[in-house]
Amino acid sequence: METSDAALGHIIGAIGEPDFVARTAAAFCAFTGFDLAALILHRDAHRAELLFDNFDRVDGRSGVETYVRATRRINPMIADGRGPRALRARDFASRAAPPPVGRDVVRAPDEELGYRTVGWPRRQEEIALHVPLGGAVVEIGLYRARRRDAAPAALLDTLAAMGWPVAAAFERHAHFARRPAPARAPLTPREAEVRDLLLRGCSTEAVALRLSLSRHTVKDHRKAIFRKLGIASLAELFSLAHPSPSLGGWDRRPA
């Protein structure tokens with residue numbers, strides 16, 4: 001497993017990138033040793049949005065979607081505070097009220113909270129970090145098959161200590177999306193060709209070969225493109241070309 005410093009380094013390094021949320025989830029999984037992750041934005045008591053999950057690997061995506069839509073409202077961990085807080089589901093077993101049985105939830109005495117969202121993978125150990133973001137909260141839920149050696153309290157302490165740096169990373173990443181769109185000067189036909197090749201993943205050398213230009217000329221075109229579009233990196237160029245439909249540039253889970 002990686003150290004917490006390494007995980008924070010990966011998260012900070014992903015700021016401004018199109019896959020920021022996915023890379024944040026991967027960093028937490030690598031640090032904690034948990035296999036599954038679901039990142040959910042709780043806007044308020046009535047609105048939540050799934051930012052990322054990798055539950056497709058255990059055929060559990062329908063359970064995550066049901067949790068976001070309905071059963072998060074009965075999760076005692078969510079009701080306990082707005083973060084940054086590191087939590088362990090098994091510590092809430094005595095506080096969990098018996099849930100209403102229906103199409104979204106079933107009682108399950110062998111689960112940590114005594115119930116399971118329909119479609120959720122069985123017998124999962126859960127820990128979570130709740131990160132404040134303005135008036136909202138990002139729930140970073142981490143899961144693995146339950147075993148005898150539960151996540152130690154020291155791991156929760158370390159997760160809690162990561163809370164504010166992670167909150168700052170989310171805020172900084174969101175800043176890229178909140179910036180007003182600059183007035184954009186039109187690109188020349190040659191600049192448009194260079195832009196299109198960059199968006200296809202071509203390097204400076206590859207663009208130069210494709211267009212029969214020198215590397216120096218390609219670099220000049222690239223600088224002109226960035227200046228006219230009001231951007232400073234290839235990541236921002238990709239974000240302009242492929243804007244996220246939600247959360248102003250935060251990537252969503254894979255379809």
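A cut-off of 5 Å between modelled amide H atoms, ignoring neighbours fewer than 5 places along the same chain, links E2 with F31.
For the chain, the longest principal axis of the C-alpha atoms and the axis of helix 4-13 are separated by about 40°.
Can you give the charge dipole size of the chain about its Cα centre, rounded to the nearest 20 debye, using +1 on the beta carbon of Lys and Arg and -1 on the beta carbon of Asp and Glu? List each step's numbers first, then the result.
Details: 38 positive and 30 negative charges, 119 e Å.
With only Lys, Arg, Asp and Glu charged at Cβ, the dipole is about 580 debye.
The charge dipole of segment 189-229, taken about its Cα centre with unit charges on the Cβ of Lys, Arg, Asp and Glu (plus for the first two, minus for the last two), comes to roughly 140 debye. Axis of helix 215-229 versus longest Cα principal axis of the chain: the two differ by about 60°, to the nearest ten degrees. Residues I15, I140, ranked from the fewest to the most other C-beta atoms within 10 Å, line up as I15, I140. For the chain, the longest principal axis of the C-alpha atoms and the axis of helix 20-32 are separated by about 50°.
Coordinate-derived values only; no laboratory data. All values derive from a computational prediction rather than experimental measurement. Neighbour counts are summed over all protein chains in view; Cβ atoms, including those assigned to glycine, are modelled from backbone coordinates with ideal geometry.
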